[in-house]
């Protein structure tokens, strides 16, 4: 009796797992087909001043404040900050790419400000990256209310 019960439970479990896998692949492939593929040709070039972009680096280069004050026609802002950092490798320090991505819904705002840490923060404790590049690069992508997508890139020298 126990052997039969184990076989039945194993079969039911296998069917549940198989069903979950099928549902996952069917739904995820449908999502991919509905996504709009955006190439560089789809972006319009914008300037930082078009969005009222300003920044202020922290003196110790552990982060920055970014602000935008011309967002009347913008739905979402995405940014990607990239830099080179030093990490501990097997044979000592090595350089590695680092960065911070982010996205904000600004559809109901005319202005926006965010404090960004260069590193990882969890439960109020931050471990900051040891940035070794002389500058950071911030790339900003703005999705406008008319569906246009604007893009700018700014090189920011570090203190």
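The values are calculated or read from the model by the stated rules, or taken from the named source; none is laboratory data. The structure presented is a predicted model; accordingly, all values stated were derived computationally and were not measured. Here the Cβ positions follow ideal geometry from the backbone for every residue, glycine too, while neighbour counts run over all protein chains shown.
Collect the residues in region 108-125 that are surrounded by 11 or more Cβ atoms within 10 Å (Cβ to Cβ) and either free of Cβ contacts under 8 Å to residues at least 24 places away in the same chain or over 18 Å from the mean Cα position of the chain (by Cα) (or both), keeping them in residue-number order.
109, 110, 111, 120, 121
Tell me which of these residue 77 doesn't satisfy, since it passes every other one: (1) modelled with pLDDT of 80 or more; (2) surrounded by 10 or more Cβ atoms within 10 Å (Cβ to Cβ); (3) more than 24 Å from the chain's Cα centre (by Cα).
In the conditions (1) modelled with pLDDT of 80 or more; (2) surrounded by 10 or more Cβ atoms within 10 Å (Cβ to Cβ); (3) more than 24 Å from the chain's Cα centre (by Cα), residue 77 misses (3) alone.
Among the residues of region 85-102, is any under 18 Å from residue 43 (Cβ atoms), in contact (Cβ under 8 Å) with a residue 12 or more places away in the chain and loosely packed, with under 14 Cβ neighbours inside 10 Å?
There is at least one residue in region 85-102 that is under 18 Å from residue 43 (Cβ atoms), in contact (Cβ under 8 Å) with a residue 12 or more places away in the chain and loosely packed, with under 14 Cβ neighbours inside 10 Å.
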